[in-house]
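A.B. asks: Structure incoming, see below.
The values are calculated or read from the model by the stated rules, or taken from the named source; none is laboratory data. Because the structure is predicted, anything quoted here is derived from the model rather than measured. Here the Cβ positions follow ideal geometry from the backbone for every residue, glycine too, while neighbour counts run over all protein chains shown.
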Amino acid sequence: MKLIVGLGNPTKEYEKTRHNTGFMVMDSLAKELNVDISTSKFKGEYTKLKYKGEDVFLLKPMTYMNSSGESVIQIMNFFKIKPEDLLVVYDDLDMPTGKLRLRVSGSAGGHNGVKSIIAHVGTQNFKRIRVGIDKHPRIPVIDYVLGRFSKEEQPYIEEGINNATKAIMMYLDKDFTAAMNEFNQKKA
């Protein structure tokens, strides 16, 4: 059993913003797997599918970023999903736009959505894929993450979303180590 969670904020207002990169990856993954993430439950939108005989859940928490853990723990408790079967995809200000970093555990690194998940799940030991969104020296962080990608950034974030989708597929087809070996090396 696997739970793959993409972090973002609900409503049209936040669509395609940098902070919604996790949602964008989930939409790309859903397209790749030919499913819709549209069932409303667990304070989120989710779908359940069988992939190579295994139950896989895709979740987009609809709690707003800072409360993402509320949604994640509800689906984990309901389906009895272990933290080691959790993969969280989210944006990262400290990496160039589109660059990926895959890890099997770690701190929240200042990301409030991940802080919430750690608080609710009770451990930092879950897989994560961080997708770089870079940062701007003169734009306040909150304005920057809630802004949209520039025309110049668009090809980089599209490549990052595409690579994150491929990394998740490799995780499903092989394992997370294979995905880390492949996608932690790629340059954005």
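A.B. asks: Are any residues in the range 162-181 surrounded by fewer than 20 Cβ atoms within 10 Å (Cβ to Cβ) and of a type in the set (Val, Ile, Thr), and if so, which ones?
C.D. replies: The one that is surrounded by fewer than 20 Cβ atoms within 10 Å (Cβ to Cβ) and of a type in the set (Val, Ile, Thr): Thr177.
A.B. asks: Mind listing whichever residues of the range 146-179 are within 21 Å of Phe126 (Cβ to Cβ), of a type in the set (Ser, Thr, Tyr) and touching a residue at least 24 places away in the same chain (Cβ under 8 Å)?
C.D. replies: Thr165, Tyr171
A.B. asks: Take the residues of the range 108-123 that are over 15 Å from the mean Cα position of the chain (by Cα) and modelled with pLDDT of 95 or more: which is nearest to Lys2 (Cα to Cα)? Before the answer, list the steps.
C.D. replies: The first filter runs over the range 108-123 and keeps only residues over 15 Å from the mean Cα position of the chain (by Cα), leaving 110, 119-123.
If we keep only those that are modelled with pLDDT of 95 or more as well, we get 119-123.
Values: Ala119: 20, His120: 18, Val121: 15, Gly122: 18, Thr123: 17 Å.
Result: Val121.
A.B. asks: Can you find a residue in the range 106-124 that is out of contact with any helix residue (DSSP H, G or I) (no Cβ under 6 Å at 6 or more places or on another chain), in a loop (DSSP other than H, G, I, E, B) and closer than 17 Å to Phe176 by Cβ? Walk me through it before giving the result.
C.D. replies: Filtering the range 106-124 for residues out of contact with any helix residue (DSSP H, G or I) (no Cβ under 6 Å at 6 or more places or on another chain) gives 106-107, 109-111, 114-115, 118, 122.
Subset that is in a loop (DSSP other than H, G, I, E, B): 106-107, 109-111, 122.
Subset that is closer than 17 Å to Phe176 by Cβ: 106.
Scanning the range 106-124, I find at least one residue that is out of contact with any helix residue (DSSP H, G or I) (no Cβ under 6 Å at 6 or more places or on another chain), in a loop (DSSP other than H, G, I, E, B) and closer than 17 Å to Phe176 by Cβ, so the answer is yes.
A.B. asks: Would you pick out the residues in the range 33-72 that are of a type in the set (Lys, Arg) and closer than 22 Å to Ala119 by Cβ?
C.D. replies: Restricting attention to the range 33-72, the residues satisfying the condition of being of a type in the set (Lys, Arg) are 41, 43, 48, 50, 52, 60.
Answer for the range 33-72, where residues must be of a type in the set (Lys, Arg) and closer than 22 Å to Ala119 by Cβ: Lys41, Lys43, Lys60.
A.B. asks: Could you give every pair whose Cβ atoms fall below 7 Å, whose first residue belongs to the range 27-42 and is touching a residue at least 40 places away in the same chain (Cβ under 8 Å), and whose second residue is aliphatic (A, V, I, L, M) and exposed (fewer than 12 other Cβ atoms within 10 Å of the Cβ), counting only separations of at least 6 or pairs across chains?
C.D. replies: none
A.B. asks: If you check Ile129 against the conditions, is it part of a helix (DSSP H, G or I) and β-branched (Val, Ile, Thr)?
C.D. replies: Numbers: part of a helix (DSSP H, G or I): no; β-branched (Val, Ile, Thr): yes.
Considered against the rule, which asks whether it is part of a helix (DSSP H, G or I) and β-branched (Val, Ile, Thr), Ile129 comes out as no.
A.B. asks: Related question: Take residues that are of a type outside the set (Ser, Thr, Tyr), at pLDDT 95 or above and buried (at least 18 other Cβ atoms within 10 Å of the Cβ) and tell me which of the strands (runs of 3 or more DSSP E) falling wholly in the range 1-98 contain 2 or more.
C.D. replies: Values: elements: 2-6, 39-41, 44-51, 54-61, 86-92.
Ranges flagged: 2-6, 44-51, 54-61, 86-92.
A.B. asks: Next question, about the same structure. Please state which of the following conditions Pro155 fails to meet, knowing it meets all the rest: (1) assigned to a helix (DSSP H, G or I); (2) surrounded by 13 or more Cβ atoms within 10 Å (Cβ to Cβ).
C.D. replies: All conditions are met except number (2).
A.B. asks: Here is a further query. Out of the residues in the range 1-55 that are closer than 20 Å to Asn77 by Cβ and among the β-branched types (Val, Ile, Thr), which is farthest from the chain's Cα centre (by Cα)?
C.D. replies: Only one residue tops the list, namely Thr39.
Residue by residue, here is whether (1) in contact with a strand residue (DSSP E or B) (Cβ under 6 Å, 6 or more places away or on another chain); (2) at pLDDT 95 or above holds:
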site	(1), (2)
Asn125	no, yes
Ile129	yes, yes
Gly132	yes, yes
Pro140	no, no
